[in-house]
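The values are calculated or read from the model by the stated rules, or taken from the named source; none is laboratory data. Predicted model, so just to flag it, every value in this text is computed and none were measured. Ligands, DNA and RNA are stripped out before the accessible areas are found, and what is left, the full protein with its side chains, is counted by its heavy atoms. Shrake-Rupley method; radii C 1.70, N 1.55, O 1.52, S 1.80 Å.
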Amino acid sequence: MNPAESALPTAEALRAALAGVLDGLPPKQAAQAVDRLIANYRGTTPTDAPVLRDRSDVAAYAAYRMPATFEAVRAALEALADATPGWAPGSHVDVGGGTGAAVWAADATWAEPRTTTVLDWAEPALALGRELAAASGAPALRAADWRQTRIDAALKLPENDLVTVSYVLKELTERDRTALVTEAARTGQAVVIVEPGTPDGYLRIIEARDQLIAAGYRIAAPCPHDGACPIERGTDWCHFAARVSRSSLHRQVKGGSLPYEDEKFSYVAAVRSDAHPAGVRVTRKPQIRKGQVLLDLCTRDDGLRRDTVTKRHGALYRAARDVAWGDTWPPHEG
């Protein structure tokens, strides 16, 4: 990688690395692999074997899913960083990390050096992850330890500062899910879990959240409190969206003309130490209307609430027009 590429922002560096290692992959083969993988991931039965079977599977997955996973995890990690000012992980274990989207996201969030370990049971995914990391120019990525490990109830993790588990819980049986969250809570100073922004993904996050609180953790994000989620289960679900730039490679693999897509995700970030979660968080895309903005909020003291901010609110109205789904509200609120 030349010096100009190493200076790229991490999201752009990831796209450049993907384009480099996937150059030459036949688009038809990639598209067929993507279709099969989507059908597999959207199934309702947890898998007991790696979903990514060979390099063509892994290449297709990386082209189609890795940028979206990166943006979702980065949003969750940035929310954790906002709630824990002055803290940065010196060690990071990514469970079920595959090609490494979460470790790229950590590198985009914290500049401080850290040791990084990626655990996954699919060696082809780990192999591509190593290639992408080597092309990154980032010391923490290039020095990462990529280990083939079965992700089940027998998994043991080393003590570390940060455990990430992204888009993994759905692939596990209920027993293995519970065991994994328990092990993450036993070993990590901070735990961040990300799942698809679907009703069942949200339920897996709520179950993990309950486990972490029972283990003595404090919720850093997205919730403004450690109490019960105010959403009545079965009526709605808490999720957020991250904007993902589509590369020409991504559009080639899966079609679509728009230069972006929105990745919907649910997450929880929890810490052993003190945290300063947002007192109020925007939980839906703001509705901008003539002269007013409607904000759906989750609050520390009032549960779920809708605020209407109008022009007469002056600076607050201008802020409301710029606030994004998932942000703290008001912007300076901590």
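The value of relative contact order for the stretch 82-133, using C-alpha pairs under 8 Å at least six residues apart, is 44 percent. Across the stretch 265-281, computed HN-Hα scalar couplings (Karplus, 6.51 cos²θ - 1.76 cosθ + 1.60, θ = phi - 60°) run 8, 10, 7, 9, 10, 9, 9, 6, 8, 5, 9, 10, x, 4, x, 9, 10 Hz from first to last residue, x flagging Gly and Pro. Here the stretch 136-154 and the stretch 161-187 have alpha carbon centers that stand 16 Å from each other. Measuring only protein heavy atoms, the 1.4 Å probe finds V103 accessible over about 0 Å². For the stretch 183-232, the solvent-accessible area with a 1.4 angstrom probe is 33 square angstrom per residue. In this structure, the amide hydrogen of D327, modeled 1.01 Å from its nitrogen in the peptide plane, lies closer than 5 angstrom to those of V282, counting only residues at least 5 positions away or on a different chain. What percentage of the solvent-accessible surface of the stretch 84-214, computed with a 1.4 Å probe over protein heavy atoms, is contributed by carbon and sulfur atoms? Roughly 52 percent, rounded to a whole number. Once backbone amide H atoms are built at 1.01 Å from N, S91 has T115, D161, L162 as its partners under 5 Å, excluding neighbours fewer than 5 places away on the same chain. In terms of its alpha-carbon gyration tensor, the stretch 126-245 comes out prolate; a/c meets the 1.5 threshold, and the first ratio a/b outweighs b/c. Excluding ligands, DNA and RNA, the accessible surface per residue across the stretch 98-138 is 27 Å² with a 1.4 Å probe.
Solvent-accessible area of R218, all protein chains in place: 80 Å² (probe radius 1.4 Å, heavy atoms, ligands and nucleic acids excluded). 3J(HN,Hα) along the stretch 312-324: 5, 7, x, 4, 5, 5, 4, 5, 5, 5, 9, 5, 10 Hz, from the Karplus curve 6.51 cos²θ - 1.76 cosθ + 1.60 with θ = phi - 60°, whole Hz, x for Gly and Pro. Evaluating 6.51 cos²θ - 1.76 cosθ + 1.60 at θ = phi - 60° for every residue in the stretch 198-212, the Karplus couplings come out as 10, x, 6, x, 4, 5, 5, 5, 5, 4, 5, 4, 4, 4, 5 Hz, glycine and proline recorded as x.
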